Every structure is written in C-alpha cells, then in structure tokens.
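The next block holds one structure in the form of structure tokens; read it before the comments.
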Amino acid sequence: IRLSIEQAIPHGRTMNGRRGDEGAWDQIPSRVSSIWKTQLEPEYRELVRRHPSLGQGNDVNQLGTLGTGNHFIEMCLDELDKVWLMLHSGSRGVGNRIGTYFIELAKRDMTIHLKDLPDKDLAYLKEGTEHFDDYVEAVHWAQNYAKINRQLMMETFISTLKKNRSLPPFSADLKAVNCHHNYVQKEHHFGADVWLTRKGAVSARKGQLGIIPGSMGAKSFIIEGLGNPESFHTCSHGAGRLMSREQAKKSFSVRDHEEATRGVECRKDKSVIDETPGAYKDIDSVMNAQSDLVKIVHTLKQVLCVKG
C-alpha cells in the first residue's frame, strides 16, 4: 500500500529541484493542468508580470506533490478503529520563492523608510505601499495554491487506495479538514483590525476543526478550537522539533528509528533519521500545554506514513 502511494504522488527532492526532480511531475496530469489553468495561473501570471523573478522556478509541476522535510501522507486509526487519511504539505517551491523574494524587497525598502534599523532581519513591508499590497496578494495566492495542492494529493491518495486490491471497497465521505499552518490574514482582535501571522500554528476559533499532528511514530489529533482570545484564536500546528535535523542524525541510529516506528509501515532507513519520533517534542505534553486553546475530538494513531 505504501509503495503504491509513493508511486502515485511525487515526493522528496532530487537534482536540487531542477529538471528530473523525483519530487515534481515529469508529465503533468491533465487534472492538475486544468486546475492550474483555471484556478491559479491567471493571478500568477499577473504577479509574475509585476515581479518577473517570481516565475523563475517550479510552479505547476509541483502542484499535487508532497515535498520534503516534515511533510507527510498518513493512514491513521481513531479510537473506534475508523480509518483517517491525513497529509501535510504547503505551497511548495513557488511559495518559498514568494517569501524569499519579498523578504529581500522589505530589506531594500527599509533603507528608504527606516535607515537606522538595528538588524536587517527586522525589515518589514510598510502597509499602504505598493510592495505591501503586492505581497499580500502574492501570499494569498500561495495559500490558495497550498490548499489546492493538498486537495489534489488527497484525491490521488483516495483513488490509489481504491485501486489497491488488498483493501476492501470503501467510501471516503466524512468531513474533510483543510487548514493552513504558515500564513497571514487580516482579522479582528481586541477591538482592532490587524494583520495576523500564524507560523507553525493554526486557527482555533470556537468550534473550528483543526489538525495537530505528532511525529511519524506518535499520535495525532483532530481538534476543535475553544476561541481563546488571549492566543488570538490560535493553537500550535504540531509537536515541534526537539532538536535540529543535524543533531537528530548524530543522536539516533537506524535501529533507534526502527524501534520508535514499530507498528508503522514507513521508511526505516538513514535518510529519514532526521524525522524520527525522538527528534520531536512529546505530543501529549504539547496538547496538555494548550488545553485552554483546543479540545480533542479524535486521537489518531499512524499505521502508515509516507515521508518526502
């Protein structure tokens, strides 16, 4: 089952992300191409017209693909042994390119608006300027790309499982949860309209469903927001790393990883050691620390995991 998913959905990164990259489409599927042309390309072309360097890299060829790092595709079981399909990915290379590009623009703009900025990494785009408006437009486009990217992968995930003869016939008709985790949007808090950035965090408004994944060998949670105003209606996106990728590679062996992921069908080789469960914080401690932000609706246990 895992191999069929890995064959159906491009994942990982080779060739430094250039032509021949296994993590991108070689031949773009017709459905991906159609959705790109109707839902994403028109606005993208306008952004590229104003900022040509945004169009110099991967875009449609990564739509519907997983990526690398902590991105995953998982099959999980809940408390009643009902099957949940879950995945984590974002706006891929084009989203990273948008962020990097506008960070550099902000640094240049700061030399005009605020010459004595103590650290260039504190640079920001001033509201009301052309670059600020362009950034907001670009980042909202990237958020839409990320949402569509996840939807396309989930479609492929489900169809791939349905084709697998080792599984019984099934229908996937339960409620879907599709939430951003690194994004910015305008919201109203404490009597004011503000631009709120959630980094490694998700919206947790009262009654709003969300996903908080653990590591590839731990539990994950479907949650409902409690609408805590002190957190700007926000909760964590996941467990969060306990150590850097390099430290994890030095701290854990393949045998450690095999033991930590016992009972989970996943890769158990040295190339995924940086994603081993021990590299992440304890998800139960994380959930206990935000019990005033969310309530747990379902506790999920991974039985299959695909990593980028």
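Please work out which one of (1) surrounded by 15 or more Cβ atoms within 10 Å (Cβ to Cβ); (2) touching a helix residue (DSSP H, G or I) at 6+ places or on another chain (Cβ under 7 Å) is the condition ASP269 fails and give its number.
(1)
Matching residues to (1) under 18 Å from the mean Cα position of the chain (by Cα); (2) open to solvent by 40 Å² or more (accessible area, probe 1.4 Å); (3) modelled with pLDDT under 95; (4) not charged (D, E, K, R):
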| position | (1), (2), (3), (4) |
| --- | --- |
| GLY95 | yes, no, no, yes |
| PHE102 | no, no, no, yes |
| MET110 | no, no, yes, yes |
| PRO118 | no, yes, yes, yes |
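Please verify whether VAL83 is open to solvent by less than 10 Å² (accessible area, probe 1.4 Å) and not acidic (Asp, Glu), treating the condition exactly as stated.
Working: open to solvent by less than 10 Å² (accessible area, probe 1.4 Å): no; not acidic (Asp, Glu): yes.
Against the criterion (open to solvent by less than 10 Å² (accessible area, probe 1.4 Å) and not acidic (Asp, Glu)), VAL83 does not qualify.
(1) assigned to a strand (DSSP E or B); (2) under 18 Å from the mean Cα position of the chain (by Cα): which one isn't true of VAL272, the others all being true?
With respect to (1) assigned to a strand (DSSP E or B); (2) under 18 Å from the mean Cα position of the chain (by Cα), VAL272 is out only on (1).
Return the residues of the range 223-248 that are open to solvent by less than 40 Å² (accessible area, probe 1.4 Å) and closer than 13 Å to ASN70 by Cβ; say none if nothing qualifies.
HIS237, GLY238, ALA239, GLY240, ALA248
Looking at the range 75-120 only, could you name the residues that are acidic (Asp, Glu) and in contact (Cβ under 8 Å) with a residue 12 or more places away in the chain?
Hits for the range 75-120 are ASP78, GLU79, ASP109.
Would you tally the residues in the range 272-308 being out of contact with any Phe, Trp or Tyr (no Cβ under 7 Å at 6 or more places or on another chain), hydroxyl-bearing (Ser, Thr, Tyr) and crowded, with 20+ Cβ neighbours inside 10 Å?
Looking only at that region, the number is 1.
Do you know which residues across the range 252-266 are under 22 Å from LYS219 (Cβ atoms) and open to solvent by 20 Å² or more (accessible area, probe 1.4 Å)?
PHE252, ASP256, GLU258, GLU259, ALA260, ARG262, GLY263, GLU265, listed by residue number.
Among LYS249, LYS219, which is the only one that is over 30 Å from ASP193 (Cα atoms), among the basic types (Lys, Arg) and in contact with a strand residue (DSSP E or B) (Cβ under 8 Å, 6 or more places away or on another chain)?
Only one candidate qualifies: LYS219.
Residues that are open to solvent by 80 Å² or more (accessible area, probe 1.4 Å), closer than 30 Å to GLU6 by Cβ and free of Cβ contacts under 8 Å to residues at least 40 places away in the same chain: find the strands (runs of 3 or more DSSP E) completely inside the range 121-222 holding 1 or more of those.
So the answer is 192-199.
Applying the selection to the range 102-120, what residues are aliphatic (A, V, I, L, M), farther than 26 Å from ARG45 by Cβ and either outside any loop (DSSP other than H, G, I, E, B) or in contact with a Pro (Cβ under 6 Å, 6 or more places away or on another chain) (or both)?
So in the range 102-120, the residues aliphatic (A, V, I, L, M) come out as 103, 105-106, 110, 112, 114, 117.
Retained after the next criterion (residues that are farther than 26 Å from ARG45 by Cβ): 110, 112, 114, 117.
Result: MET110, ILE112.
So is GLU41 modelled with pLDDT of 95 or more, open to solvent by less than 60 Å² (accessible area, probe 1.4 Å) and over 18 Å from GLY69 (Cα atoms) or not?
Values: modelled with pLDDT of 95 or more: yes; open to solvent by less than 60 Å² (accessible area, probe 1.4 Å): yes; over 18 Å from GLY69 (Cα atoms): yes.
For GLU41, the condition - modelled with pLDDT of 95 or more, open to solvent by less than 60 Å² (accessible area, probe 1.4 Å) and over 18 Å from GLY69 (Cα atoms) - is met.
How many residues, within the range 223-258, are of a type in the set (S, T, N, Q) and either at pLDDT below 95 or not in a loop (DSSP other than H, G, I, E, B) (or both)?
Total meeting the criteria: 5.
Please find, within the range 1-27, the residue that is least open to solvent (accessible area, probe 1.4 Å) out of those that are among the hydrophobic types (A, V, I, L, M, F, W, C), assigned to a loop (DSSP other than H, G, I, E, B) and within 17 Å of SER159 (Cα to Cα). Show your work before the answer.
Initial filter on the range 1-27 (among the hydrophobic types (A, V, I, L, M, F, W, C)): 1, 3, 5, 8-9, 15, 24-25.
Those still in the list that are assigned to a loop (DSSP other than H, G, I, E, B) too: 1, 9, 24-25.
Filter once more, so that each one left must be within 17 Å of SER159 (Cα to Cα): 1, 9.
Values: ILE1: 70, ILE9: 4 Å².
Across the range 1-27, the extreme among qualifying residues is ILE9.
Among the residues of the range 58-88, how many are of a type outside the set (A, V, I, L, M, F, W, C), closer than 24 Å to SER271 by Cβ and touching a helix residue (DSSP H, G or I) at 6+ places or on another chain (Cβ under 6 Å)?
4
If you go through the range 23-38 one residue at a time, how many are farther than 12 Å from GLY93 by Cβ, in contact with a Gly (Cβ under 8 Å, 6 or more places away or on another chain) and either at pLDDT below 90 or hydrophobic (A, V, I, L, M, F, W, C) (or both)?
Within the range 23-38, residues that are farther than 12 Å from GLY93 by Cβ, in contact with a Gly (Cβ under 8 Å, 6 or more places away or on another chain) and either at pLDDT below 90 or hydrophobic (A, V, I, L, M, F, W, C) (or both) number 2.
The values are calculated or read from the model by the stated rules, or taken from the named source; none is laboratory data. Computed from a predicted structure; not experimentally measured. Neighbour counts run over all protein chains shown; Cβ positions are idealised from the backbone, glycine included. When the accessible area is computed, the model is the full protein with side chains, heavy atoms only, and any ligands, DNA or RNA have been set aside. Shrake-Rupley method; radii C 1.70, N 1.55, O 1.52, S 1.80 Å.
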